[in-house]
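The structure under discussion appears below in the form of structure tokens.
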Amino acid sequence: MQSTSITPWHTYFHYIPSKLPSKHPLHFKKTLVTYTHSCHQEQEKHTRQKDVYWQEMNFSDEKEKPHYRNDVKEQGVEVIVRSGIRSNSWWARIKAALGQRINVEGISFSVGIFYKDKHLAIPHVFVQDIRYIDWAELKRRGFEGVVFDKDNTITVPYSLNLWSPLASSMEQCKSLFGNNIAVFSNSAGLAEYDPDGRKARILERAIGIKVIRHRLKKPAGTAEEIERQFGCKSSRLIMVGDRPLTDIVYGNRNGFLTILTAPLSLSQEPFIVKQVRKLEMALVNRWSSKGIKPISHWLLPDCQYCMKDELL
């Protein structure tokens, strides 16, 4: 009896995303490309009769024409390369979608805050929205510029237009601080999620404020990019945002006067962001009730002076 030797199968797994659902977790389908080597003559004859399929390609080592083997290999490589291109494109979109909801940098900084730096999450001032900020008093005290977060601070989530009720307050801020106003956001202007700056340019045209381009998500990073934009130290700037563990921690770490606003709209926020926000505010309220205070700011020791009691 003629002996038959069969070399082991080599199996390569490549994941290609199926169509992206709008409101459901991402699902991936698995495409299997298999190459099989055999010396058995019957198997070789059977192999020649079969076409090369997407999911399984069999070919023989014996009596096989070299150009056929090369064609099969090239087709297999083409499958993997094309799949890789598709998956890279999908992965970039997936990463952007998830990254705007889950701030890894924020989570890592939160660990240190929970244990030893709780004061960094406490704002100097808390207001309902920017209409309750006395811009004239802040200017009189020596502040030279204002840095705004975007989502739920001056726009509703994912919008690229100013929330209309804030228009008068924003115009007053512009009249006092001139060009020393900017947006510093974890969406528009962030290299990871706005690499070509398209969102930043649309927002700049819509509200007439510079959007700072940057690479690190708040609360990570220093204030160097912002200081270059404004031409002054961050201790003379005001950070306004709606998230304690991102906007406020970033501002306090870098010496800003920090102002926390209530979110403009919760109805358009993803579920996970709502839950994180509840946790943030519960922690801030608990720490504040225990007497933990923010670092005193040298330009405004008593921060109550920059708040309006009521809207005019």
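The values are calculated or read from the model by the stated rules, or taken from the named source; none is laboratory data. Quantities reported herein were computed from a predicted structural model and do not represent experimental measurements. Counting neighbours? That spans all protein chains shown, and the Cβs are built from the backbone with ideal geometry, glycine included. Surface areas here come from the heavy atoms of the whole protein model, side chains and all, with no ligands, DNA or RNA. Shrake-Rupley method; radii C 1.70, N 1.55, O 1.52, S 1.80 Å.
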For this session: Say whether the condition of being open to solvent by 10 Å² or more (accessible area, probe 1.4 Å), aliphatic (A, V, I, L, M) and in contact (Cβ under 8 Å) with a residue 24 or more places away in the chain is met by at least one residue in segment 221-244.
Result: no
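Return yes or no: is Ile226 assigned to a helix (DSSP H, G or I), of a type outside the set (S, T, N, Q), in contact with a Pro (Cβ under 7 Å, 6 or more places away or on another chain) and closer than 30 Å to Asn285 by Cα?
Numbers: assigned to a helix (DSSP H, G or I): yes; of a type outside the set (S, T, N, Q): yes; in contact with a Pro (Cβ under 7 Å, 6 or more places away or on another chain): no; closer than 30 Å to Asn285 by Cα: yes.
For Ile226, the condition - assigned to a helix (DSSP H, G or I), of a type outside the set (S, T, N, Q), in contact with a Pro (Cβ under 7 Å, 6 or more places away or on another chain) and closer than 30 Å to Asn285 by Cα - is not met.
Would a scan of segment 209-217 turn up a residue that is touching a Leu at 6+ places or on another chain (Cβ under 7 Å) and open to solvent by 50 Å² or more (accessible area, probe 1.4 Å)?
Of all residues in segment 209-217, those touching a Leu at 6+ places or on another chain (Cβ under 7 Å) come to 211, 214, 217.
Then keep just the ones that are open to solvent by 50 Å² or more (accessible area, probe 1.4 Å); that gives none.
Within segment 209-217, none of the residues are touching a Leu at 6+ places or on another chain (Cβ under 7 Å) and open to solvent by 50 Å² or more (accessible area, probe 1.4 Å).
Taking Arg205, is it among the charged types (D, E, K, R) and surrounded by fewer than 17 Cβ atoms within 10 Å (Cβ to Cβ)?
yes
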Seminar exercise, completed: Inside segment 188-214, the number of residues satisfying the requirement of being closer than 21 Å to Gly145 by Cβ and in contact (Cβ under 8 Å) with a residue 24 or more places away in the chain is 13
Problem set entry | Residues being surrounded by fewer than 20 Cβ atoms within 10 Å (Cβ to Cβ), under 26 Å from the mean Cα position of the chain (by Cα) and of a type outside the set (Asp, Glu) - total across segment 117-134 | 5
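Condition (residue is touching a Lys or Arg at 6+ places or on another chain (Cβ under 6 Å) and polar (S, T, N, Q)) applied to segment 222-236: is it met by at least one residue? So that I can check it myself, show each step before the final result.
Within segment 222-236, the subset touching a Lys or Arg at 6+ places or on another chain (Cβ under 6 Å) is none.
Looking through segment 222-236, none of the residues is touching a Lys or Arg at 6+ places or on another chain (Cβ under 6 Å) and polar (S, T, N, Q).
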Problem set entry | Filtered residues of segment 183-196 (kept if of a type outside the set (A, V, I, L, M) and surrounded by 16 or more Cβ atoms within 10 Å (Cβ to Cβ)) | Phe184, Ser185, Asn186, Ser187, Gly189, Glu192, Tyr193, Asp194
Exercise. Can you name every residue in segment 210-219 that is out of contact with any Gly (no Cβ under 8 Å at 6 or more places or on another chain) and modelled with pLDDT of 95 or more?
Worked result: Lys210
For this session: Hey, can you tell me all the residues within segment 128-143 that are more than 21 Å from Glu227 (Cβ to Cβ) and either in contact with a Phe, Trp or Tyr (Cβ under 7 Å, 6 or more places away or on another chain) or not in a helix (DSSP H, G or I) (or both)?
Result: Gln128, Asp129, Ile133, Asp134, Glu137
Exercise. Based on what the data block shows, is Leu203 of a type outside the set (Lys, Arg), within 21 Å of the chain's Cα centre (by Cα) and at pLDDT 95 or above?
Worked result: yes
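Results for (1) under 18 Å from Val240 (Cα atoms); (2) β-branched (Val, Ile, Thr); (3) in a helix (DSSP H, G or I), shown as yes or no for each residue.
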site: Thr258; (1), (2), (3): yes, yes, no
site: Gln268; (1), (2), (3): no, no, no
site: Val276; (1), (2), (3): no, yes, yes
site: Asn285; (1), (2), (3): no, no, yes
site: Ile292; (1), (2), (3): no, yes, no
site: His297; (1), (2), (3): yes, no, no
site: Gln304; (1), (2), (3): yes, no, yes
site: Leu311; (1), (2), (3): no, no, no
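Give segment 144-160 a look and list any residue that's in a strand (DSSP E or B) and either of a type outside the set (Gly, Ala, Ser) or open to solvent by 20 Å² or more (accessible area, probe 1.4 Å) (or both), or say none. Break it down stepwise before answering.
First pass over segment 144-160, keeping only residues in a strand (DSSP E or B): 145-148, 151, 155.
Residues satisfying the conditions are Val146, Val147, Phe148, Asp151, Thr155.
Listed here are the residues, each with its yes/no results for (1) buried (at least 20 other Cβ atoms within 10 Å of the Cβ); (2) under 21 Å from Leu166 (Cβ atoms).
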| site | (1), (2) |
| --- | --- |
| Tyr250 | yes, no |
| Thr258 | yes, yes |
| Ala262 | no, yes |
| Lys274 | no, no |
| Ser296 | no, no |
Exercise. Of all residues in segment 161-182, which are farther than 18 Å from Met307 by Cα, touching a residue at least 40 places away in the same chain (Cβ under 8 Å) and crowded, with 16+ Cβ neighbours inside 10 Å?
Worked result: Leu162, Trp163, Asn180, Ala182
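Scan segment 243-253 and tell me whether some residue there is assigned to a loop (DSSP other than H, G, I, E, B) and either of a type outside the set (Ser, Thr, Tyr) or at pLDDT below 95 (or both).
Of all residues in segment 243-253, those assigned to a loop (DSSP other than H, G, I, E, B) come to 243.
Narrowing the set further to residues that are either of a type outside the set (Ser, Thr, Tyr) or at pLDDT below 95 (or both) leaves 243.
Yes, segment 243-253 has at least one match.
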